[in-house]
Amino acid sequence: MKNRSRIRRAWRPLALALVALAAGPAWAGYEESAVLEALDKVTGRVFKLQVTLESVVEFGALRIVARSCYKAPPEETPESTAFLEISEVKPGEQPVLLFKGWMFASSPGLSTLEHPTYDVIVLDCAPAPLTAKQKASYFVDPMPAETPSDSPPDSPGDASSE
């Protein structure tokens with residue numbers, strides 16, 4: 001009987017620690033990549049880009065580097081913020097820094113890239129680069145490619161459709 005009470009006393013701190021961890025706030029913080037939305041104003045197409053921290057992604061004439069990305073925990077107000085450096089690269093010229101600073105997903109107009117051809121905003125922070133399967137479910141091509149059909153569509157005057 002004495003051994004049982006010793007065992008219970010030994011496990012009590014562990015049980016309290018587990019309860020405290022379960023009741024504590026969910027972890028959130030700095031993530032490994034930023035998910036951005038980029039608009040090409042000339043074509044009107046919108047693209048979603050995932051930029052791994054410290055890597056370079058090119059979108060049109062823009063060169064985008066994400067330096068940091070923070071996502072708030074779920075119990076707080078939803079917010080994702082990314083520190084981005086965006087440069088414009090023209091052939092035969094040195095890159096021109098257009099934007100360097102924090103962008104906020106909840107307030108895209110607060111700190112934004114001002115460019116006549118492109119818009120870039122932050123959507124989210126992701127924990128790691130997405131796999132091909134995750135990208136297929138997360139990213140949507142704005143204009144899916146048309147698949148040719150074997151037979152031409154029926155015309156209103158086609159006798160076979162009666």
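For segment 73-93, which positions are under 19 Å from P116 (Cα atoms) and either polar (S, T, N, Q) or crowded, with 17+ Cβ neighbours inside 10 Å (or both)?
Initial filter on segment 73-93 (under 19 Å from P116 (Cα atoms)): 84-91, 93.
Result: L84, I86, S87, E88.
So that you can scan it fast, the table gives a plain yes or no per residue for (1) closer than 27 Å to P127 by Cα; (2) modelled with pLDDT of 85 or more; (3) part of a loop (DSSP other than H, G, I, E, B); (4) among the polar types (S, T, N, Q):
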| position | (1), (2), (3), (4) |
| --- | --- |
| R8 | no, no, no, no |
| P25 | yes, no, yes, no |
| E76 | yes, yes, yes, no |
| S106 | yes, yes, yes, yes |
| L113 | yes, yes, yes, no |
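State whether the residues of segment 92-104 include one that is of a type in the set (V, I, T), farther than 21 Å from G29 by Cβ and at pLDDT 70 or above.
yes
Give segment 44-59 a look and list any residue that's assigned to a loop (DSSP other than H, G, I, E, B) and surrounded by fewer than 16 Cβ atoms within 10 Å (Cβ to Cβ), or say none.
Here is the first cut: in segment 44-59, the ones assigned to a loop (DSSP other than H, G, I, E, B) are 44, 53-55.
If the condition is that a residue be assigned to a loop (DSSP other than H, G, I, E, B) and surrounded by fewer than 16 Cβ atoms within 10 Å (Cβ to Cβ), then G44, E54, S55 are the ones that fit.
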For segment 77-96, enumerate the residues that are over 19 Å from the mean Cα position of the chain (by Cα) and farther than 16 Å from E54 by Cα. E88, V89, K90, P91, G92, E93, Q94, P95, V96
For segment 60-74, enumerate the residues that are in a loop (DSSP other than H, G, I, E, B) and either farther than 23 Å from G29 by Cβ or touching a Leu at 6+ places or on another chain (Cβ under 8 Å) (or both). G60, A61
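The values are calculated or read from the model by the stated rules, or taken from the named source; none is laboratory data. If you're wondering where the values come from, they're calculated on a predicted model, not measured in any experiment. Cβ: placed from backbone, ideal geometry, glycine included. Neighbour counts: every protein chain shown.
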